[in-house]
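Please treat every number below as a calculation from the coordinates, not as lab data. Because the structure is predicted, anything quoted here is derived from the model rather than measured. As a convention, Cβ positions derive from the backbone with ideal geometry for all residues, glycine included, and neighbour counts pool all protein chains shown.
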Amino acid sequence: MARTPSNMLPLGTRAPEFRLPDTVSGTELGLEDIRGDRGTVVMFICNHCPFVKHVNAEIVRLALAYQPRGVGFVAISSNDVEHYPQDHPDLMQATAKEEGYPFPYLYDASQETARDYDAACTPDFYLFDQNLELVYRGQLDGSRPGNGIPVTGEDLEAALGALLEGRPVSADQKPSIGCNIKWKTTP
């Protein structure tokens with residue numbers, strides 16, 4: 001199991017635009033379609049990564065808790081499905097239904113969106129404010145498969161709480177660690 005850290009996109013970066021197919025609804029969605037009035041969480045995840053499987057229930061809990069409070073959530077998979085067929089869009093749809101994702105699960109076939117966000121691993125989390133400026137990026141919490149630390153979502157949830165209460169989000173942010181994004185190889 002590879003342990004790749006986030007690249008930590010600079011705070012204040014404007015959320016890059018995207019338009020990608022949602023594997024659940026079959027429609028194309030862009031940033032404007034999923035953004036929340038008070039904030040937006042963009043997550044890079046995939047089906048097969050043990051780090052993502054470890055936190056799936058918590059990301060569902062957070063989305064259910066914060067979507068009614070004006071925070072938009074979206075998950076994006078950018079993995080190369082030719083070499084990692086378990087991340088194919090058809091299987092993404094099945095995973096979204098099995099896990100009860102209350103957010104769109106988009107497929108980034110070109111991998112351009114992952115590059116635009118400087119995403120490195122799954123899971124990789126980004127929180128943007130109401131102006132779509134980056135206020136948090138990094139880990140969900142300190143839990144990893146096998147480390148014995150409970151999954152609480154405390155790091156992302158602290159950032160969400162600060163954002164919604166109008167307080168500055170702490171700049172002390174730790175990178176997420178997970179499986180590397182499976183980049184396509186070019187001949």
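Here the Karplus relation 6.51 cos²θ - 1.76 cosθ + 1.60, evaluated at θ = phi - 60°, turns the backbone of region 44-58 into coupling constants of 9, 9, 7, 6, 8, 5, x, 5, 5, 4, 5, 10, 3, 4, 6 Hz, with x for every Gly and Pro.
For semi-axes √(5λ) of the Cα gyration tensor in Å, the value computed from the atomic coordinates appears in the list (1) 53, 21, 13; (2) 23, 19, 16; (3) 35, 17, 15 under label (2). The Cys residues in the chain with no partner Cys Cβ within less than 4.7 Å of their Cβ are Cys46, Cys121.
Please report the antiparallel percentage of DSSP beta bridges with both residues in the chain, rounded to the nearest 5.
Numbers: 19 of 28 bridges.
The antiparallel fraction comes to roughly 70 percent.
Residues whose amide H comes within less than 5 Å of that of Phe73, counting only those at least five positions distant or on another chain, are Val41 (H built at 1.01 Å from N in the peptide plane).
Magnitude of the charge dipole for the chain, about its Cα centre and with charges confined to Cβ atoms of Lys, Arg (+1) and Asp, Glu (-1), is about 360 debye. How charged is the neighbourhood of Ala114? Take every other residue with its Cβ under 12 Å from the Cβ of Ala114, and add Lys/Arg as +1 and Asp/Glu as -1. Spelling it out: positives minus negatives among the neighbours equals -3. With θ taken as phi - 60° and the Karplus curve 6.51 cos²θ - 1.76 cosθ + 1.60 applied, the whole-hertz 3J(HN,Hα) list for region 148-158 is x, 8, x, 7, 10, x, 4, 5, 5, 5, 5 Hz, x standing for glycine and proline.
Please give the net charge around Lys182, taking every other residue with its beta carbon less than 14 angstrom from that of Lys182, where Lys and Arg add +1 and Asp and Glu add -1. Before the final figure, lay out each step's value.
Working: positive: Arg115, Lys184; negative: Asp80, Glu82, Asp87, Asp108, Asp124.
Spelling it out: positives minus negatives among the neighbours equals -3.
Which trypsin sites (Lys or Arg not before Pro) from region 1-71 combine a DSSP loop assignment with at most 13 other Cβ atoms within 10 Å?
Arg3
Other residues whose C-beta falls under 12 angstrom from the C-beta of Cys49 contribute a net charge of +2, scoring Lys and Arg +1 and Asp and Glu -1. Structural descriptor for region 110-187: relative contact order 35 percent, calculated from alpha carbon pairs under 8 angstrom and at least 6 residues apart.
By per-residue mean of other Cβ atoms within 10 Å, what is the highest-first order of 133-140, 156-163?
Values: 133-140: 21.6, 156-163: 19.5.
Final packing ranking: 133-140, 156-163.
Go through Tyr66, Ile149, Thr95 and say which Cα lies farthest out towards the positive end of the charge dipole of the chain; charges sit on Cβ, +1 for Lys and Arg, -1 for Asp and Glu. After comparing all options, I get Ile149. Near the amide H of Asp22, within less than 5 Å, lie the amide hydrogens of Thr27, Glu28, Leu29, all on another chain or at least 5 residues away, with H placed in the peptide plane. Per residue, the chain reaches -7500 deg cm²/dmol at 222 nm when only DSSP H runs of four or more residues are counted, each adding -39500 (n - 2.57).
Modelled this way, with points 7 Å down the Cα-to-C-beta line, the labels at Leu64 and Glu98 are 1.9 nm from one another. Derived scalar couplings between HN and Hα for region 122-131 equal 10, x, 9, 10, 9, 10, 10, 7, 5, 9 Hz in order, rounded to whole Hz, by the Karplus curve 6.51 cos²θ - 1.76 cosθ + 1.60 (θ = phi - 60°), x for Gly and Pro.
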